[in-house]
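The values are calculated or read from the model by the stated rules, or taken from the named source; none is laboratory data. Because the structure is a prediction, the values reported are computed rather than measured. Here the Cβ positions follow ideal geometry from the backbone for every residue, glycine too, while neighbour counts run over all protein chains shown. Areas reflect the complete protein model, heavy atoms only, side chains present, ligands, DNA and RNA absent. Shrake-Rupley method; radii C 1.70, N 1.55, O 1.52, S 1.80 Å.
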Amino acid sequence: MTIELRWLLYTALFAGSLWIPYVVGVNITDFPGKGEQFVRPPEHRGMRPWVHRSFRAQANLIEQLLPFAIVVLVGHAAGVSTSVTRVTVIAFFVARVLHAVGYISGIARKPLRPILYFSGWLITLIHASQLLLT
């Protein structure tokens, strides 16, 4: 497995696990009807701030993962692997972990959180540039 695919897999596993903080938050939140079958929790915006932020952190990662994954997979199919593509997949993973941790904890406020989000897009463009220039 290439470095690019390995780190894309790590990112996908991370994205697939980001539901956990939200579900934990929902389950420790008291709301009318809790404990009854088929009662939906209240809107996430009405829960504790970190629960709402955890919902948004996962959505933000999913928004960026699809385009990034397509770029990485196109590069793999084309046989493009450079030092830049290897660094960008690691950088994307790190940026997305920092974004999620900072967002859920509330530590990453403006301008840090938007910068971390923007970095994912920029990293995707840098990775794609390697495919287009090769």
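Screening the range 14-127 for helices (runs of 4 or more DSSP H) wholly inside it with 3 or more residues that are at pLDDT 95 or above and touching a Leu at 6+ places or on another chain (Cβ under 6 Å) returns the ranges 49-78, 83-105. The residue that is nearest to Val51 (Cα to Cα), among those in the range 1-33 that are surrounded by 12 or more Cβ atoms within 10 Å (Cβ to Cβ) and among the polar types (S, T, N, Q), is Thr29.
Only residues that are among the hydrophobic types (A, V, I, L, M, F, W, C), touching a residue at least 24 places away in the same chain (Cβ under 8 Å) and either exposed (fewer than 12 other Cβ atoms within 10 Å of the Cβ) or in contact with a Ser or Thr (Cβ under 9 Å, 6 or more places away or on another chain) (or both) were counted in the range 63-82, giving 7.
Reported count of residues in the range 1-45, each being over 30 Å from Val74 (Cβ atoms) and in contact (Cβ under 8 Å) with a residue 40 or more places away in the chain, is 1. On the stretch given as the range 46-59, residues that are surrounded by 14 or more Cβ atoms within 10 Å (Cβ to Cβ), more than 24 Å from Ala69 (Cα to Cα) and in contact (Cβ under 8 Å) with a residue 40 or more places away in the chain total 1.
Among the residues of the range 106-134, those that are open to solvent by 40 Å² or more (accessible area, probe 1.4 Å), in contact (Cβ under 8 Å) with a residue 12 or more places away in the chain and either among the β-branched types (Val, Ile, Thr) or out of contact with any helix residue (DSSP H, G or I) (no Cβ under 7 Å at 6 or more places or on another chain) (or both) comprise Ile126, Thr134.
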